[in-house]
1. Determine if segment 292-306 includes at least one residue that is out of contact with any Lys or Arg (no Cβ under 8 Å at 6 or more places or on another chain), surrounded by 16 or more Cβ atoms within 10 Å (Cβ to Cβ) and under 27 Å from Ile60 (Cβ atoms).
2. Tell me, which residue of segment 51-75 that is open to solvent by 20 Å² or more (accessible area, probe 1.4 Å) and aliphatic (A, V, I, L, M) is farthest from ligand 2 (Cβ to nearest atom)?
3. Step by step: first the residues of segment 97-128, then only those that are modelled with pLDDT under 95 and charged (D, E, K, R), then the one that is nearest to Leu314 (Cα to Cα). Which residue is that?
4. Out of curiosity, is Cys170 within 16 Å of ligand 2 (Cβ to nearest atom), under 24 Å from Phe336 (Cβ atoms) and either open to solvent by 10 Å² or more (accessible area, probe 1.4 Å) or assigned by the TED database to the domain that holds Ala217 (or both)?
5. Given the structure, is Ile246 open to solvent by less than 50 Å² (accessible area, probe 1.4 Å) and either of a type in the set (Asp, Glu) or assigned by the TED database to the domain that holds Asn105 (or both)?
6. With a cut-off of at least 1 residues that are away from ligand 3 (no atom under 16 Å from the Cβ) and among the polar types (S, T, N, Q), name the strands (runs of 3 or more DSSP E) lying wholly within segment 1-100.
7. How many residues are closer than 24 Å to Asp45 by Cα and open to solvent by 60 Å² or more (accessible area, probe 1.4 Å) when one looks only at segment 331-344?
8. State which residue is nearest to Gly361 (Cα to Cα) when the search covers only segment 188-197 and only residues that are buried (at least 24 other Cβ atoms within 10 Å of the Cβ) and of a type in the set (Gly, Ala, Ser).
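The values are calculated or read from the model by the stated rules, or taken from the named source; none is laboratory data. These figures come from a predicted structure and were not determined experimentally. Reconstructed Cβ throughout: ideal geometry from the backbone, glycine too, with neighbour counts over all protein chains shown. Side chains included, ligands, DNA and RNA excluded: accessible areas come from the protein's heavy atoms. Shrake-Rupley method; radii C 1.70, N 1.55, O 1.52, S 1.80 Å.
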Amino acid sequence: AIRCRAAVAWAVDKPLSVEEVEVAPPKAGEVRMKIVATGICRTDDHVLKGCFPNMDFPVIPGHEGAGIVESVGEGVTSVKPGDKVIPVSLPHCGECSFCLNPESNYCLKSHFSETQCLLPDKTSRFTCKGKQIHHFLWVSTFAEYTVIPEYAVAKIDAAAPLDKVCLLGCGFSTGYGAAVNTAKVKPGSTCAVFGLGGVGLSVVMGCKAAGASRIIAVDINKDKFAKARELGATDCVSPQDFKKPIQEVVIEMTGHGVDYSFEVIGLTDTMTAALASCNMNTGICVMVGVAASGSTISIDPMLLLSGRTWKGCLLGGRKAREFIPKLVSSYMQKKFNSDLLITHTLPFAQVNEGFELLRAGK
Ligand code: NAD
Ligand code: ZN
Ligand code: ZN
């Protein structure tokens, strides 16, 4: 076992506690890696807030990291010690019907269909003070070392700067992929992006890269507008500046609504608003935000009857073990600059400060 630090969530609504943990060696088919850097995604905050009642505590959250393989278990062939890797929260077993389908990325052998909080063999590699600690999405990047199934590890360019490309482990790939893969934004089209956090700003970058001519950025925090404009937004609006619903504002701005809309907040009201903001014929609305477990939405079915498409995607809509290394290569070739999304860099011991900055909209 390796003794190292990890940020443990002992219970809902408690700050993370940086503890010494023991990380057991990888079993067959597993990889133990050193996490060099990790981002904070709002989904980690959803865990701490108790939005997922099935989640088992204590747990080590974090799922947007990058690092170096330390050792591998029996039978592991795709990576070796010393390789730079990004752990992916959506695995790719390569054998199930969805892995064999080129159009899908939701592997049936993932923690979503088995258990979210233990490795595939239903045990944990983490212990702290003699207690078993749970894994999160099989990746748990808020630990200096973590153990991950081989089929949830993506090998990346050996020259990639880990403190920068860690963002490609979730936020950037999710948002950029939602625009280019799931919506398939066309040149000259119009887009609306609801929510300008790390993920929403990455959607803006994806829309811009795909050649959208107009990108309407929507957020209640106007401090986000300058960055959104820098990344490609052409219009920035706050729903709080209008008496009428924001979807009516977007429809007035564009005539009949945008070609593509994206919900990147995780609230059912803004999901409905985003749907109504795309045009009634060919409009495509992509749901990216994660609502609390058990949430429901009621809509007027006419919204879809006239031809709109409503869809969602996880981790950019493509098989992450293939898509993320390609994005890392594009980053190295300077095809986009995800560094612009980095607002603060903190030492691991200040992980709770990172969450305070996230909650404060900074
Ligand atoms: P974030 O908190 O950084 O950003 C959310 C933004 O929404 C903030 O700028 C906030 O001001 C804005 N906002 C909040 N309420 C609003 C409202 N009523 N109207 C307009 N804007 C509002 O979050 P993030 O890390 O960018 O993540 C965004 C969402 O995406 C979260 O729900 C997260 O769980 C989800 N997510 C999904 C996937 C996926 O694979 N589908 C992956 C990563 C994150
Ligand atoms: Zn995430
Ligand atoms: Zn699979």
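1. Going through segment 292-306, the residues out of contact with any Lys or Arg (no Cβ under 8 Å at 6 or more places or on another chain) turn out to be 292-306.
Those left that are additionally surrounded by 16 or more Cβ atoms within 10 Å (Cβ to Cβ): 303.
Narrowing further to those that are under 27 Å from Ile60 (Cβ atoms): none.
For segment 292-306, residues out of contact with any Lys or Arg (no Cβ under 8 Å at 6 or more places or on another chain), surrounded by 16 or more Cβ atoms within 10 Å (Cβ to Cβ) and under 27 Å from Ile60 (Cβ atoms): absent.
2. First, the residues of segment 51-75 that are open to solvent by 20 Å² or more (accessible area, probe 1.4 Å): 51-54, 56-57, 68, 70-72, 74-75.
Narrowing the set further to residues that are aliphatic (A, V, I, L, M) leaves 68, 72.
Values: Ile68: 21, Val72: 25 Å.
Ranking the candidates gives Val72 first.
3. The qualifying residue nearest to Leu314 (Cα to Cα) is Glu103.
4. yes
5. The answer is no for Ile246.
6. 17-23, 30-38, 65-72
7. Going residue by residue through segment 331-344, those that are closer than 24 Å to Asp45 by Cα are 338-344.
Those still in the list that are open to solvent by 60 Å² or more (accessible area, probe 1.4 Å) too: 343-344.
Qualifying residue count for the region: 2.
8. Filtering segment 188-197 down to residues buried (at least 24 other Cβ atoms within 10 Å of the Cβ) leaves 190-196.
Now narrow it down to the ones that are of a type in the set (Gly, Ala, Ser): 192, 195.
Values: Ala192: 20, Gly195: 11 Å.
That would be Gly195.
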